Amino acid sequence: MTQDVEMKENPVPSNSTAPISPSTLQNLKEIAGLIETGAYTREVRRIMRAVRLTMALRRKLKLSVVYAFLSFALTPGSDVHTRISAYLPKEDEHEMEVDTATSAAAAQPPVKHPLPELEIYCYLLVLMFLIDQKNYIGAKACASASIARLRNLNRRTVDVLASRLYFYYSLCYELSGDLAEIRSHLLELHRIATLQHDELGQETLLNLLLRNYLHYNLFDQAEKLRSKAPRFEAHSNQQFCRYLFYLGKIRTIQLEYTDAKESLLQAARKAPVAALGFRVQCNKWAVVVRLLLGEIPERTIFMQKGMEKALRPYFELTNAVRIGDLELFKSVAERFSSTFNIDGTHNLIVRLRHNVIRTGLRNISISYSRISLADVAKKLRLDSPNPIADAESIVAKAIRDGAVDAILDHTNGWMVSKETGDIYSTNEPQIAFNSRIAFCLNMHNEAVRALRFPPNFHKEKKGAEKRRERQQQEQELAKHIAEEDDDEF
């Protein structure tokens, strides 16, 4: 079962009986005003900012605050208010606090017809609160109701809130162990988002579907969905990072290690600094893929701030592969088998056995100009019934693949190494230099594509240029008139 760390906030339990925090409730009211303004002016950026501010307030949410905000944003006693409030827990101790909050909220003019954006935002707030309280049954019911409500909406200002609802909809089912139940619903939602040209929703739902398939090791289905999904420009950096991570995992299982390495390293580089768990997971898979490619990762990768402890098993694994010690490799694989199983990399590490043997054989060929196959089997510590025959087949395959520059003397049972030449007389330095240039050019192109400009920037620029030309012409005309007046005088 594959498990990976998502870029999400840690669920934090809250005390439902604590008094209302005026600052938290006031901040939520300001966020509601921001959503209302964004809905009327159709500015999606305002709603995106409201969502980011909500994530910052998530740790401060309490039951009393949520009840008070629902009474403020929705008309108390209305169908919408009753329906959303029903998902929150009912407590006798909470009644007095709710009365105080409701009376404060009632001072505001009631909204007879609340905006759909505010209604969806209330669903999102309640859903986050229930997940933090680990009330997964109530969270699943609230998420299903919110998704049913979204089916009747087709507004671009709702897309940002809908994408967050999709994420938490999948999360609550995953935390309760029922992720397979919603796969058909996610496929239907992805089809609806495609028909409605909701590109942000398509991004989110595609990643959720890939995560759903990879959770159950359904890599073929995940690749079929990914290859047939519609192409569009990425709108969210976080969703794009998730997509690159899932793509890297699929490519790794399909033995396309070069493409997998590029996707995983790009995901780790683009991920936000605060998403430590996600970056750790990307680095774990990237280390294994680079080892499978025959590369040895730099030590600085394992010494990144906050990652030393999590990457320690992979550091010892890299050390065993670098040395080419088969016994040490087996010891590390057995000692950290539980960690590798949780990370979903155990099957990949089994593939590394051949790389360890090849590295040890390369070290032997460098140290000895001629060595018997029996000594090769002894130094490689091959634990097989016929180690000499296995050593011969391993040496023959390594010579054929170009990993070892040697000759196999079958008659005498020797491996004769050739003299090592100057690497600078080959194309290796040119290939390495070309790969670095391609990497830098790719990073430059991505940076250019990531540039953002305010809406109608090109029109404003043209308007400013015309305004400057007009002012210059007016100044020249005034100067000419003044000169004519002087001449007449």
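The values are calculated or read from the model by the stated rules, or taken from the named source; none is laboratory data. Keep in mind the model is a prediction, meaning the values are calculated, not measured. Counting neighbours? That spans all protein chains shown, and the Cβs are built from the backbone with ideal geometry, glycine included. Accessible surface is based on the protein model in full, side chains and every heavy atom, while ligands, DNA and RNA are left aside. Shrake-Rupley method; radii C 1.70, N 1.55, O 1.52, S 1.80 Å.
Using a simple spin-label model with pseudo-atoms 7 Å out from Cα toward Cβ, Arg353 and Arg400 lie 2.0 nm apart.
Estimate the FRET efficiency between Leu53 and Val273 by the formula 1/(1 + (r/R0)^6), using the beta-carbon distance for r and 25 Å for R0, to the nearest 0.05. Provide the component values of the computation, followed by the final result.
Values: r = 19 Å, r/R0 = 0.77.
The calculated FRET efficiency here is 0.85.
Between Leu408 and Ser184, the FRET efficiency from the beta-carbon distance, with R0 = 60 Å, is close to 0.60. The stretch between Val416 and Asn237, if pulled fully straight at 0.36 nm per residue, gains 59.1 nm over its current Cα-Cα span. Modelled this way, with points 7 Å down the Cα-to-C-beta line, the labels at Leu293 and Ala374 are 4.2 nm from one another.
Mind checking the full-extension length gain between Asn217 and Gln304? Use 0.36 nm per residue of separation minus the Cα-Cα distance, one decimal, nm. In short, 28.3 nm is gained.
Projected label points at Ser23 and Asn152, each 7 Å from Cα along the beta carbon direction, are separated by 4.0 nanometres.
For the peptides 52-62, 203-213, 115-125, 133-143, the ranking by mean Cβ contacts within 10 Å, running from highest to lowest, is 203-213, 115-125, 133-143, 52-62. Here the 3J(HN,Hα) profile of the range 197-214, calculated from phi with Karplus coefficients 6.51, -1.76 and 1.60 at θ = phi - 60°, is 6, 8, 5, 5, x, 4, 4, 4, 5, 4, 5, 5, 5, 4, 5, 5, 5, 5 Hz, Gly and Pro shown as x. Legend: distances between Cα atoms for Lys140/Lys224; Lys140/Lys249; Lys224/Lys284; Lys62/Lys90; Lys261/Lys284; Lys249/Lys397; pairs beyond 18 Å are Lys140/Lys224; Lys140/Lys249; Lys224/Lys284; Lys249/Lys397.
Here the gap between Ser393 and Met443, fully extended at 0.36 nm per residue and compared with their Cα-Cα distance, gives a gain of 13.7 nm. Close amide H pairs (under 5 Å, H built 1.01 Å from N) link Ala406 with Lys418, residues at least 5 positions away or on another chain. The residues of the range 214-338 expose, per residue, 47 Å² of accessible area to a 1.4 Å probe. Taking a sphere under 13 Å around the Cβ of Met303 and counting the other residues whose Cβ falls inside, with K and R at +1 and D and E at -1, yields a net charge of +2. 3J(HN,Hα) along the range 303-320, derived from phi through the Karplus expression 6.51 cos²θ - 1.76 cosθ + 1.60 where θ = phi - 60°, amounts to 9, 5, 4, x, 10, 4, 5, 5, 8, 4, x, 6, 5, 5, 5, 4, 4, 5 Hz, with x in place of Gly and Pro.
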